[in-house]
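Below is one structure; the comments refer to it alone.
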Amino acid sequence: MLINETKNLRLISDYKNINKYRSSFNELAGEVFEIDFEPWYKAGFWNERYVCYSYAAGDVVVSNISVNKMDLIINGETKSAIQIGTVMTRSDYRKKGLSSALMNIVLNEYTSKCDFIYLFANESAYGFYPGFGFKELGETSFAFKPEFSGMKGPAIRRLDINNNKDYEILKRLSFKSAPVSKKFGVMNYSHLIMFYCLSYYADAIYYIDDIDAVVIYRIENGSLYLYDILCGNGADLEIIINALSEDMRKTAAQKIVFMFTPDRFGQNISGSREEKDYKLFVRSASGEFPDEFIVPRLSHA
């Protein structure tokens, strides 16, 4: 195997608290994906559910596959899963079999411990994963055109995560939130929610005081993209949509696009298959995903 040509490599894992390795990992993630994990680590959300498996040359991380330990709800049943992410190799160490070797290590470690192993791949990697037993699954896009009654919904305000009180609201609800869907939902993924909120969606976080719920959404091109709902008692979509109605009217948004699988209510939700700039690959040990589903966007690794 080509990896043997590079004899100075060592396998390292779960090194988040070792500065030299974490720093090198961050440098590689920045080079390959333009991602910086350091703010996430310093905020205390890089926990035991996100584990790196890497090859290092001295103190330099040259190749990596990360494991996210996930708890899924599928048709009301809890399933254990591993989500693979941050698959990357330094340019000068590519085509030496490092990613394949790391993938085999991860599969050997976790296949017998979970019901599913899954990942999201960009176009350049579509041909890599089927060789390891992964099958492509198509996700469904769910959209809803609300009919507003004209009654004013509960008040909603934007959270400022630089404000300590607002930050604590977000943090509290990210940890105690119930899954939005029992058809296909995710539990215990506060570490990923906080990664996205700190990095990409800081301007898209809102709070409904009446029901103690955080709603993460953006309005673009006439649609409201609803990314997640964080609510300890479970989300009432009817109340959430009423709260969003004023913002939708102001911006002339015509529909809500769910970035998670909604439990059906009424007859107005439509589902369709749409091409995305990534594909979902799944390796199943036990069970199947539903016919219609979308993996919550803020749970992507």
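The values are calculated or read from the model by the stated rules, or taken from the named source; none is laboratory data. Source: prediction; values computed, not measured. Here the Cβ is made from the backbone with ideal geometry for all residues, glycine too, and neighbour counts use every protein chain on show. Surface accessibility is based on the protein's heavy atoms, side chains included, excluding ligands, DNA and RNA. Shrake-Rupley method; radii C 1.70, N 1.55, O 1.52, S 1.80 Å.
Of the strands (runs of 3 or more DSSP E) lying entirely inside region 147-229, those carrying at least 1 residues that are among the hydrophobic types (A, V, I, L, M, F, W, C) and in contact with a Pro (Cβ under 6 Å, 6 or more places away or on another chain) are 184-187, 205-208.
Of all residues in region 80-137, those being in a strand (DSSP E or B) and on the phi < 0 side of the Ramachandran plot number 18. Just to check your reading of the model, which residue among Ser286, Ser245 is open to solvent by less than 10 Å² (accessible area, probe 1.4 Å), among the polar types (S, T, N, Q) and either in a loop (DSSP other than H, G, I, E, B) or farther than 30 Å from Pro130 by Cβ (or both)? None of the others qualify; the one that does is Ser245. A search for C-beta distances below 6 Å between a residue of region 147-159 that is closer than 24 Å to Leu173 by Cβ and any residue that is modelled with pLDDT of 95 or more and not aliphatic (A, V, I, L, M), counting only pairs 6+ apart in sequence or on different chains, returns Ile156/Tyr206; Arg157/Tyr207; Arg158/Tyr206; Leu159/Asp166; Leu159/Tyr207.
Here His191 passes the criteria (1) surrounded by 13 or more Cβ atoms within 10 Å (Cβ to Cβ); (2) closer than 25 Å to Met103 by Cβ; (3) over 17 Å from the mean Cα position of the chain (by Cα) except the one numbered (3). For the residues Asp277, Asp263, the requirement of being charged (D, E, K, R), part of a loop (DSSP other than H, G, I, E, B) and open to solvent by 60 Å² or more (accessible area, probe 1.4 Å) singles out Asp277. For region 42-56, state whether one or more residues are surrounded by fewer than 16 Cβ atoms within 10 Å (Cβ to Cβ), touching a residue at least 40 places away in the same chain (Cβ under 8 Å), touching a helix residue (DSSP H, G or I) at 6+ places or on another chain (Cβ under 6 Å) and not hydrophobic (A, V, I, L, M, F, W, C). Within region 42-56 (the criterion being surrounded by fewer than 16 Cβ atoms within 10 Å (Cβ to Cβ), touching a residue at least 40 places away in the same chain (Cβ under 8 Å), touching a helix residue (DSSP H, G or I) at 6+ places or on another chain (Cβ under 6 Å) and not hydrophobic (A, V, I, L, M, F, W, C)), the answer is yes, since at least one residue qualifies.
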